[in-house]
Amino acid sequence: MATSIPEVDVNSRLKGRSFTRVADLDADELVRVLDLADRLKELQRRREPHPLLPGRALGLIFQKPSTRTRVSFEVGIAQLGGTGLHLARGDLQLGRGETIRDTATVLSRYLDGIVIRTFAQADVEELARHADVPVINGLTDSAHPCQALADMMTIRERLGRLHGVRLVYLGDGNNMCASLMVAAAKLGLHFVAATPSGYEPPREVSELARSAAAASGGSVELADSPEQAVRGADVLYTDVWTSMGQEAERERRLRDFAGFGIDERLVQLAGDGAIVLHCLPAHDGEEITEAVLHGPRSAVWDQAENRLHAQKALLASLIR
Ligand code: CP
Ligand code: NVA
């Protein structure tokens, strides 16, 4: 018996494109993906099958650990009617010196799309240049665009809008901060990054975000006082202080980030109605307290769920 596919609005202009960074999509394209994500979430809630990618194969190259990204992509491609193939660190000849170019060329003969989590952003971009299928960045040292997409979905779902929302990021100006900043700026949010001195996001990312904000009506601000930054916030956001690969710096970072953790006092300063996001994994008592993470203002668990829906929308849009 043939399965009927529910009516969904997939932007065919994105077919075949890669998503290595938020800037790969313009604001309208991002919104179309978010709209599709909402629709796919609704279909999944109703357990209505939506096999938009029947028989497609997605390779998942993971050179760093992952709970959410790996599981949500594997489950997501299955819900779309395709298959996910997990390729862990050490599984590929890439680890024994086969070039990124040759790997991209060969994998493109088997796969319809590739998700990669690795260290250098340049490696993801090189893979995308040589692959004939879309390449999706599942996190690098400098970007985490799939998370930023799910974050925008969560903010819109909770607050009913993106334009004009004051989003305050506290902590390390890292990969997460960079992707969030660019997504926020493109979609007209007022983004504030409050970081200790020396941990600001890279200047070129702030500049890119500022020019995107100038076009969208949003804004980008850097700050160093958590107490001042959180006032009037609609969303408080944080991420770990020690990212994957930085473990040797952990003790110094714990000292340098003191005072930047989200606790109930900072949430109260933000004012009524502010929600709290964290991309996870969380370190209780460091960048966020357990009471806030599991408290009434936390939208963190919906945010984690939305990785699934946002990435399904991305896959359905990019994969031919
Ligand atoms: N937020 C996120 O990417 O989580 P994982 O590292 O578990 O994939
Ligand atoms: N900044 C974190 C994000 C984890 C999802 C890291 O890179 O480890």
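The values are calculated or read from the model by the stated rules, or taken from the named source; none is laboratory data. Please read all numbers here as calculations on a predicted model, not as lab measurements. Reconstructed Cβ throughout: ideal geometry from the backbone, glycine too, with neighbour counts over all protein chains shown. Remember, those area values only see protein heavy atoms, side chains included, never the ligands or the DNA or RNA. Shrake-Rupley method; radii C 1.70, N 1.55, O 1.52, S 1.80 Å.
Observations
- Distant alpha-carbon pairs in segment 278-320 (separation over 13 angstrom), percent: 60
- Dimensionless Rg ratio for segment 1-105, taking C-alpha atoms and the 2.2 N^0.38 Å reference: 1.25
- Value of Rg/Rh across the chain [Cα atoms, Kirkwood radius]: 0.96
- In sequence order, segment 67-75 has phi-based couplings of 9, 5, 5, 4, 5, 5, 5, 5, 5 Hz under the Karplus curve 6.51 cos²θ - 1.76 cosθ + 1.60, θ = phi - 60°, and Gly or Pro positions carry x.
- Segment 122-197 shape via C-alpha gyration tensor axes, a/c threshold 1.5: oblate
- Using R0 = 35 Å, the C-beta based FRET efficiency linking Thr105 and Ala215 works out to 0.45.
- Under 28 Å from the Cα of Lys186 - lysines, other chains or at least 8 residues apart: Lys15, Lys41, Lys312
- Projected area, mean over directions - segment 97-225, Cα convex hull, nm²: 9.1
- Its Cα centre serving as origin, the chain has a Cβ charge dipole (Lys and Arg +1, Asp and Glu -1) of approximately 880 debye.
- Calculated FRET efficiency for the pair Asp9/Ser225, C-beta based, R₀ 35 Å, to 0.05: 0.20
- Here is how the number arises for the chain: DSSP H runs of 4 or more residues each give -39500 (n - 2.57), the sum is divided by the residue count, and the result at 222 nm is -13000 deg cm²/dmol.
- Segment 8-36 and segment 95-122: distance between their alpha carbon centers, rounded to Å: 22
- Cys146 - accessible surface, heavy atoms, 1.4 Å probe, Å² rounded to 10: 0
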